1. Kindly express, to the nearest 10 degrees and within the range 0 to 90, the angle between helix A:36-46's C-alpha long axis and the longest C-alpha principal axis of chain A.
2. From the gyration tensor of the Cα coordinates in the range B:12-146, what semi-axes in whole Å does the equivalent ellipsoid have, largest first, with each one equal to sqrt(5λ)?
3. Could you size up the charge dipole of the protein assembly as shown around its Cα centre, putting +1 on the beta carbon of Lys and Arg and -1 on that of Asp and Glu, and report it in debye to the nearest 20?
4. For the charge dipole of the range B:71-211, defined by +1 on Lys and Arg C-beta atoms and -1 on Asp and Glu C-beta atoms about the Cα centroid, which residue among B:171, B:79, B:147 has the Cα displaced farthest towards the positive pole?
5. Semi-axes of the equivalent ellipsoid of the protein assembly as shown: what are they in whole Å, largest first, if each equals the square root of 5 times a C-alpha gyration tensor eigenvalue?
6. By the gyration tensor of its Cα atoms, with a ≥ b ≥ c the square roots of the eigenvalues, what is the shape of chain B: rounded for a/c under 1.5, prolate for a/b over b/c, or oblate?
7. Just to confirm the number: angle between the C-alpha axis of helix A:123-136 and the first principal axis of chain A, 0 to 90 degrees, nearest 10?
8. Which percent of Cα pairs goes in each bin when the distances of chain A are cut into 10 angstrom slices starting at zero?
Amino acid sequence: MLPVEWSGEEWTGLDGAPGIVYDLGCNIYSPDGRVFQIEYAAKAVENSGALIGLKCKDGVIIGAEKLMPSRLLMESSGRRVHPVGMHAGIAFTGYAADGRPVVNAARQEVENYHDYYGVDMPPHTLAERLGHYFHAYTTYGGYRPFGLTTMVTSFDEVTQEPFLHMIDPSGTQFRFHGAAAGKSKQAAKTEIEKLNLKALTCAEALKRISLIIHTIREEEKDKPFVLEAGWITADTDWKFQLVPKNLRDEAFEWGKAEFDKMDDDDDDDED
Amino acid sequence: MATVSQTLACAASGADVSAGRSAADPHKHTTSPIVTGTSVVALKYKDGVMMAADTLGSYGSLSRFTDLRRIVTTGGYTLVGADGDYSDFQYVQDILKELEVEDACVADGITHSPKEIWCCMARILYHRRSKMNPLWNNLVIAGFHEGEAFLGTTDKIGTSYECDFVATGMGLHMAMPILRRHWKPNMSESEARELLESCMRTLFYRDCRTINKITFASATKKGPSVDEPVEVSTEWSYQSFVDPKAGSDTGGSW
């Protein structure tokens, strides 16, 4: 039971404040047609590190800015990018603990599909199933929507190309050329739009993602982060692979150096 | 199909329903294999482990399929060979594939060792026999991991052991004596191959469910690999092969 009263004209909270009751669960709409809990979940995502996915010339890459709240943390812990099958991987930003069941659900879907049909799950099917999973958590009173935005990349055996999908807390999923989520996603999208994705290789895109993350995180640039990434490319034989540490480190340093250069130029302009 | 009323009547009376199995019948599991493979033979040698099996899938005594692979690689270090029911072995392969995917998902670069896979297979086969629903296979698990050769086997009731050389099925009767006599530690690759060929040749002569189309496989520090099938040399000019009935009253048998 929601704590509400009928004032004679509209439902209100017990304290008489109008409107407030509509955000207490995701099983009711507000009068103007919104489900607030989903919007709050999206808000939770915006407090988390950036996630950038790019469909390039030779594959798909997803990069994540994994914020490290303490310098005592092991660099490899709290992973944001996960393989869910030989041909598929997902990355998420938002509540890390919410990501775990989503990763498990994705792995089960991929495994069951292969068991039944003997072929790898097509990308749009994987994105759809995960979309359903997200959506189910927005339709029951006792549930909370996932505080996650998830990117899915997987290889399509039919068209022989990898796909990039993004799913938000409401369960809607779309296919993208380039996508951004998490903190400063607007700034990240602006940067992505400047890229020529048809000519970019995944190896180059890794560096670009590093630069974009360094660029958009100005405010908290003293907080440490780890660049995580996964890709499906011609070079990985169209298998999903976590990008090896040496490549990530190289891209991290390159992005940092490029950003510092740009930053210095800006400072010069100001002088 | 038995109708609901028939089934209910049957359950009440205990009578058989002529239309077929009724819900009142006890649940039945596999009690015999269908398409079968025969012996798998394997031995340790200086560089690792070598394994051999023919490519025949028998349907009873009919040579139904002649190009089946009964030795597969898994997990980067391991060979798994199987005799017995081929569809059960295909199910085992699905399990092995899933193990590989699980390893890939953890993505720490570590895959299961041959010993782990052997133990896992033994647990699965024992579990299935404990449900009175066995997977009808003898499995031979061989591998080379961290500088050490591994060879183990498990049967369809989950009895499992490690060994220096192993043969399953008819091979237990006809290859084992050869292996016991001629196997020695640290054999060279050619010695090991020769011994295996000798086992497979004898099995081809004597086992009625073989063909002379044999896959040899090995697991060494270079990893596991299964070769394309080959024929072993045979010698049919022995007098008893040419004229099996000569001077005997055995009615044509040897």
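The values are calculated or read from the model by the stated rules, or taken from the named source; none is laboratory data. As the structure is a prediction and not an experimental result, all values here were calculated from the model. We place every Cβ from the backbone using ideal geometry, glycine too, and count neighbours over all the protein chains shown. Accessible surface areas use protein heavy atoms only, side chains included; no ligands, DNA or RNA. Shrake-Rupley method; radii C 1.70, N 1.55, O 1.52, S 1.80 Å.
1. Roughly 20 degrees, rounded to the nearest 10.
2. Values: eigenvalues 235, 82, 29 Å².
Equivalent ellipsoid of the range B:12-146: 34, 20, 12 Å, largest first.
3. Values: 53 positive and 76 negative charges, 548 e Å.
Computed about the Cα centre, the dipole is about 2640 debye.
4. Result: B:171.
5. Output for the protein assembly as shown: semi-axes of 59, 34, 18 Å.
6. Oblate shape, in that a/c is at least 1.5 and b/c is the bigger or equal ratio.
7. Approximately 30 degrees, to the nearest 10.
8. 7, 28, 31, 20, 10, 4, 0
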